[in-house]
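Asks: Quick one: this structure, given as structure tokens, is what I'll be asking you about.
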Amino acid sequence: QVQLVESGGGLVQPGGSLRLSCAASGSIFARNVVAWYRQAPGKEREAVATIHSGFITSYSDSVKGRFTISRDIAKNTVYLQMNRLKPEDTAIYYCNARPPSYSWGQGTQVTVSA
């Protein structure tokens, strides 16, 4: 069973940056559309960044221009570079295929606060 392990979250001030990583136990990222999702308190989980075959990327309107998704197939790792962070970016961040087809990892908490 594939395991997904997210890391890199933390507490950051508004306007700051973080880089999240998601490591998979198997080579799933080469053959799947992969996304970063987030879930804020009291809200449903939403996809915010997606990387398709051919490294084509897409983003939700809320993060477009600020976040960048990338992947290293050799390392079975997907990244999310988050710049110009806002308080509304506070959430637990997860990665998974899109649509989700693997068990969710534990996520990594991102808190944006002064």
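Asks: Output ³J(HN,Hα) for the stretch 55-64: one whole-Hz value per residue in order, computed from phi by the Karplus curve 6.51 cos²θ - 1.76 cosθ + 1.60 with θ = phi - 60°, and x for Gly and Pro.
Replies: With the stated coefficients, the stretch 55-64 comes to 6, 6, 10, 8, 9, 6, 4, 5, 10, 4 Hz.
Asks: Taking 7 Å along the Cα-to-C-beta vector as the label spot, tell me the Q106-A74 distance in nanometres, rounded to one decimal.
Replies: With each label point 7 Å from Cα toward Cβ, the separation is 2.9 nm.
Asks: Let me ask something else. Counting other Cβ atoms within 10 Å of each Cβ, which GluC sites (Glu not before Pro) in the stretch 1-72 have at most 16 and sit in a DSSP loop?
Replies: Loop-located and lightly packed - E44.
Asks: What net charge is computed for the residues neighbouring L80, neighbours being all others with C-beta under 12 Å from the C-beta of L80, Lys and Arg scored +1, Asp and Glu -1?
Replies: Neighbour charge sum, excluding L80 itself: +2.
Asks: How long are the semi-axes of the ellipsoid equivalent to the stretch 1-45, from square roots of 5 times the Cα gyration tensor eigenvalues, in whole Å, largest first?
Replies: Semi-axis lengths for the stretch 1-45 are 24, 14, 10 Å.
Asks: Given R₀ = 22 Å, what would the calculated FRET efficiency be for V5 paired with K86, taking r from the Cβ atoms and rounding to 0.05?
Replies: Efficiency computed from Cβ-Cβ geometry: 0.25.
Asks: Over the chain, with every protein chain in place, what whole percent of the accessible area is carbon and sulfur at 1.4 Å, could you tell me?
Replies: Roughly 50 percent, rounded to a whole number.
Asks: Any aspartates and glutamates with Cα under 17 Å of the K64 Cα? List them, leaving off those in the same chain fewer than 8 positions away.
Replies: Qualifying aspartates and glutamates at Cα under 17 Å: E46, E88, D89.
Asks: Right, another one. With θ set to phi - 60° and the Karplus curve 6.51 cos²θ - 1.76 cosθ + 1.60, what are the ³J(HN,Hα) couplings of the stretch 65-70 in order, to the nearest whole Hz, using x for Gly and Pro?
Replies: Working through the residues one at a time gives x, 10, 10, 9, 9, 8 Hz.
Asks: Would you mind counting up the charge near Q109? Only other residues with Cβ under 11 Å from its Cβ, with Lys and Arg at +1 and Asp and Glu at -1.
Replies: Summing Lys/Arg as +1 and Asp/Glu as -1 gives 0.
Asks: Might you report the magnitude of the Cβ-based charge dipole of the stretch 28-90 about its Cα centre, with Lys and Arg at +1 and Asp and Glu at -1, to the nearest 20 debye?
Replies: So the magnitude is around 120 debye.
Asks: What percent does the relative contact order of the chain come to when contacts are Cα pairs within less than 8 Å and at least six residues apart?
Replies: 38
The values are calculated or read from the model by the stated rules, or taken from the named source; none is laboratory data. Owing to the predicted nature of the structure, the values given are computational and were not obtained by experimental measurement. Don't worry about glycine lacking a Cβ; one is built from the backbone with ideal geometry, like all the others, and counts go over all protein chains shown. Side chains are part of the model used for accessible areas, which takes the heavy atoms of the whole protein and leaves out ligands, DNA and RNA. Shrake-Rupley method; radii C 1.70, N 1.55, O 1.52, S 1.80 Å.
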